[in-house]
Amino acid sequence: MAIRAVLWDIDDTIFDYRGADRVGMLHHLQAEGLAGGYDSADQALGHWQRITALHWARFSAGETDWQGQRRDRVRTFTGRALSDAEADSWFDRYLVHYEAAWALFPDAVPALDLLAGEYRHAVLSNSSLTVQEHKLRVLGVRDRFEAVVCAAELGVSKPEAAAFHTACEALGLPPEDVAYIGDEPDIDARGAVEAGLAGIWLDRFGAGGRPDLIRITGLDQLPALLLGDTRFGAPSTFG
């Protein structure tokens, strides 16, 4: 069977999450007067990223809900026993700076344009529908995708097969007719493969390795890979 649709990850795949998070947090630290508590801005950012990964994993494992992981990130980062309202307010102030830095990667729209006439498109994200719908609309690409499926509402996260299968069902296609593209080798590409999809790892930051996965280093390489219709029988030589 030929690939008929592409499922997309959003953060650090089409949307520059790392860049927006870095700029947003730097501005937030300056506004909150917290930067002086660290030896450097990079140290503060590294701490925030580690905390985010920790509490995101808890959310993915079902140990907390969407709002809870946000509040716990704030409490861990500030080291303060904030009330829910105080933690929400802190995070909302951060979001103002974060959203001001939102941008698509330069290769995202050209790739979507090249693939528009050949494939159907949808999103599968480990975020929440409210967050990702808003993001896609602000970035001007929501109309590129037939469906947006997110873990917070679904109750199951990538790399669980049920997450991928639900997104395929939203397209009305079997997994073998769908390719998934994302920046995480195991959560995205390997998870997709194990769920029966064609998984593609977008290695934007040059981590390398993982010869078991189909790997590209930019979305400009995706159309040739898909249109070649190889069914991804061997790891990609891109990059």
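Here are the numbers for the structure shown:
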read-out: Residue of 159, 211, 175 that the Gaussian network model of the chain assigns the largest fluctuation, springs spanning Cα pairs under 10 Å; value: 211
read-out: Amide H partners (placed H, <5 Å) of residue 173, local residues excluded; value: none
read-out: Helical contribution to [θ] at 222 nm, DSSP H n ≥ 4, -39,500 (n - 2.57), averaged over the chain, rounded to 500; value: -14000 deg cm²/dmol
read-out: Calculated FRET efficiency for the pair residue 194/residue 169, C-beta based, R₀ 25 Å, to 0.05; value: 0.90
read-out: Span from the region 159-182 Cα centroid across to the region 1-78 one, whole angstrom; value: 26 Å
read-out: Nonlocal amide H pairs with residue 123, under 5 Å, H built at 1.01 Å; value: 8, 147, 148, 149
read-out: Cα long-axis angle, helix 17-32 against the chain (0 to 90 degrees, to the nearest 10); value: 10 degrees
read-out: Integer Hz, Karplus 6.51/-1.76/1.60 couplings in order for region 196-210, x for Gly and Pro; value: x, 8, 8, x, 10, 8, 8, 8, 4, 9, x, 5, x, x, 6
read-out: D (Stokes-Einstein, µm²/s), Kirkwood Cα radius, region 75-163, 0.890 mPa s at 25 °C; value: 158 µm²/s
read-out: Rounded D (µm²/s) - region 6-52, Kirkwood Rh over Cα pairs, Stokes-Einstein at 10 °C, 1.306 mPa s; value: 136 µm²/s
read-out: Computed label-point distance, nm, for sites residue 109 and residue 96 using a 7 Å Cα→Cβ extension; value: 2.8 nm
read-out: Full-extension gain in nm, residue 67 to residue 89, via 0.36 nm per residue minus C-alpha separation; value: 6.7 nm
read-out: Tilt relative to the chain, helix 84-100 - C-alpha long axis, 0 to 90 degrees, to 10; value: 60 degrees
read-out: In Å², nearest 10: area of residue 113 left accessible to a 1.4 Å probe; value: 90 Å²
read-out: Stretchable slack from residue 130 to residue 82, in nm (0.36 nm times residue separation minus alpha-carbon distance); value: 14.8 nm
read-out: Prolate/oblate/rounded call for region 86-239, Cα gyration tensor, a/c under 1.5 rounded; value: prolate
read-out: ³J(HN,Hα) computed for each position of region 213-220 - Karplus, 6.51 cos²θ - 1.76 cosθ + 1.60, integer Hz, glycine/proline x; value: 10, 6, 10, 10, 10, x, 5, 5
read-out: Cα-based helix-to-principal-axis angle, 66-78 vs the chain, degrees rounded to 10; value: 50 degrees
read-out: Residues with amide H under 5 Å from that of residue 178, placed H, sequence gap 5 or more; value: 4, 198
read-out: Per-residue SASA entry for residue 219, accessible area with 1.4 Å probe, Å² rounded to 10; value: 0 Å²
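The values are calculated or read from the model by the stated rules, or taken from the named source; none is laboratory data. Keep in mind the model is a prediction, meaning the values are calculated, not measured. No Cβ is skipped: glycine too gets one built from the backbone with ideal geometry, and neighbour counts run over all protein chains shown. Remember, those area values only see protein heavy atoms, side chains included, never the ligands or the DNA or RNA. Shrake-Rupley method; radii C 1.70, N 1.55, O 1.52, S 1.80 Å.
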